[in-house]
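Since the structure comes first, as C-alpha cells, the remarks are kept for the end.
Laboratory data are not the source of any read-out in this text; all were calculated from the coordinates shown. Keep in mind the model is a prediction, meaning the values are calculated, not measured. FYI the Cβ positions are ideal-geometry reconstructions off the backbone, even for glycines, and counts take in every protein chain you see.
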Amino acid sequence: MNLLAIVYGLAFIKIGIAHFREPGKFVEIIPPFLPFPLMLVYISGAMEIVGGVAIIYPDTQVLAGRFLALFLIGVYPANLYMWTHDVAFDGTKFGTQGHILRLLAQLLLIAAALHISGDLDRSVFSA
C-alpha cells in the first residue's frame, strides 16, 4: 500500500466524519445560491468518506484519485465564497493571505489525488 494514499485517505475520512458531527460550520460556507445547504454538507461528507476509503485501496485508487480531484474542484466555490464574502469558518476569518494559502493547499490536494491515481505521472512523463 502507498503511504501517501493512506494518509490522504484518512484525512478525507476524518473531514468527512466532521461533516456529520459538526454540520453547522460547513453549512455557513455554502454559497446562498445553492439549495439545501445541510443536505449538501451531508452529501459532501459522505463523498469524502467514500473517496477517502477508496483511495487507500490499490484496486480503487485510479478511480478514487480522479473522483477526489473532481470533488475538490467542485467544492472550491465554497472556499471562494468564503473569500469574496469574508465568511468565517468555524468562527475564524481568513485574510487574503490565508485564502491564497487555502487555494494553494487545494491545488496540492488535487495534484496529490492525481498522483495517487497515476494520472499526474502519466501526463507529465508522456509528453
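Just subtract the alpha-carbon distance of Ile73 and Val53 from 0.36 nm times their residue separation and send over the number in nm, one decimal. Kindly include the intermediate steps, with their values, before the conclusion.
Working: separation 20, 0.36 × 20 = 7.20 nm, distance 1.92 nm.
Contour length minus Cα-Cα distance gives 5.3 nm.
Angle between the Cα long axis of helix 61-84 and the longest principal axis of the chain, 0 to 90 degrees, nearest 10?
20 degrees
Whole angstrom only: what separates the Cα centroid of the range 49-111 from the Cα centroid of the range 6-47?
11 Å
Round to the nearest 0.05 the FRET efficiency obtained for Met39 and Leu103 when R0 = 22 Å and r is the Cβ-Cβ distance. Before the final figure, lay out the partial values.
On the way: r = 26 Å, r/R0 = 1.19.
The pair Met39/Leu103 has a calculated efficiency of 0.25.
Please provide three numbers in whole Å: the alpha-carbon extents of the range 3-125 along the principal axes, with the largest listed first.
Here the spans come out as 40, 29, 24 Å, largest first.
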